[in-house]
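Novice: Just dropping this structure here.
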Amino acid sequence: MSIFSYKQRNYITLVIIIALGCLIAYSLTGIFGSLLSTLVLYTILRPGYIFLTEVKGWKRSFTAILLLFISIIVLVLPFYALSSMVIEKITELKNDQIYFKNLLYKIQHLLPVGSNVQQIIEDGLKSVGTWATGLFPSLISGIFNIVLGLLLMYFLLYFMLVEREAFERALVKYAPFREQNAYRFAEEMRNTTYANVVGQGFIALVQGSLLSLAFYVLGYNDPLFWGVVTTFISLVPLLGPPVIFVPAALLQLADGNNFAAWAMLIFGFVIIINIDNVLRFMIAKKMGNIHPIITVLGVVIGIPLFGILGLVFGPLLLSYFFLLIKIYETSAMASERLERIKTIQDAEEL
């Protein structure tokens, strides 16, 4: 006969479950980015999968493979190709001493600086280049981790799509709140994901494309490269496109290209900056709005964890965190109301 009671055995089992869960969670920290990417892609691909399988009647496995293949073509390959291009360009500029000397010469014409300030600027530019290079995943040095992460992400995503109903039933069953709140959390998480990933990504892409087009028309160097850089920078509200087009225009002024400089400044502040507000208003009406404070703090949290992907995943994690707090507060208030009602009923019965 056991020396433990039924209740004690349950407590011991719970402690073992928690301990094993913590151990598993700790062992998965290295692939947390892949797991989060899986969740984000599932949220994005889910409507298309439901439409093709339930409305069009397509086979589940074929539809899942097709959507995964499309996501690789549309999202993964372009990102890593552009990352490689940015790394290569930054490394080239960092090692080009003549480029930095010419750049400092132009800065001296615009703003008279002493030798100490000149050295600080030169060291700062090199440090920024080193920091920016480290943000992007290198296809050469990190090829094993990249391939492993992608294989894991698409392996999980395939079964999450093919077994969608069972996966979502399990999420509702084991969610730490009531069923209606679980569905509410899923709905708001979907809106948050779309607002962060699709909405913010679309705005950044439009701003980067407009800057690249303006650079090309006005005869600036490397319009494609600076358009890509602007796309990433546009994900950070405190920075944005002016970080790129204002210095570029000032350098054109220093070269005597007044028309190209003023045209870029006018187009940048009138069109590129304001297109952000227009698109953000349209997206907020359809998908929800993300407060700039959450975006900024999310970027600060996300970049050390995920590198350049932290521009997206950081705000997403922070949004999920506040969403959980909101759900918890709603559940707590509902429980308090039920408790008060029960207390009043018990008092009336007495």
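Every number in this text was worked out from the coordinates using simple rules, so none of it is lab data. Not measured: the values here are computed from a predicted model. Positions of Cβ are generated from backbone atoms using ideal geometry, with glycine treated the same way; all protein chains shown enter the neighbour counts.
Novice: Grab the beta carbon distance between Phe155 and Thr330, set R0 = 45 Å, and tell me the FRET efficiency rounded to 0.05. It would help to have the intermediate numbers written out before the result.
Specialist: Working: r = 35 Å, r/R0 = 0.78.
Calculated transfer efficiency: 0.80.
Novice: Right, something else. Express in nm, to one decimal, how much length is gained between Phe32 and Ile341 on full extension, taking 0.36 nm for each residue of separation and deducting their alpha carbon distance.
Specialist: Using 0.36 nm per residue and subtracting the Cα-Cα distance, I get 106.9 nm.
Novice: Right, here's the next one. Order the peptides 167-174, 47-54 from the highest to the lowest mean number of other Cβ atoms within 10 Å of their residues.
Specialist: With the highest mean Cβ count within 10 Å placed first, the list reads 47-54, 167-174.
Novice: While we're here: Between Val217 and Ile146, how high is the FRET efficiency from 1/(1 + (r/R0)^6) when r is the Cβ-Cβ distance and R₀ = 51 Å? Nearest 0.05. Intermediate values should be presented prior to the final figure.
Specialist: Numbers: r = 36 Å, r/R0 = 0.70.
Efficiency, from the Cβ-Cβ distance: 0.90.
Novice: Given bins 10 angstrom wide, list per bin the percent of all Cα-Cα distances in the stretch 1-84, short to long.
Specialist: For the stretch 1-84, the pair-distance distribution reads 14, 26, 21, 19, 13, 7, 1.
Novice: Which FRET efficiency, nearest 0.05, do Ser209 and Ile72 yield, Cβ-Cβ r, R0 22 Å? Intermediate results must be reported in sequence, preceding the final value.
Specialist: Details: r = 22 Å, r/R0 = 1.00.
E between Ser209 and Ile72, to the nearest 0.05, is 0.50.
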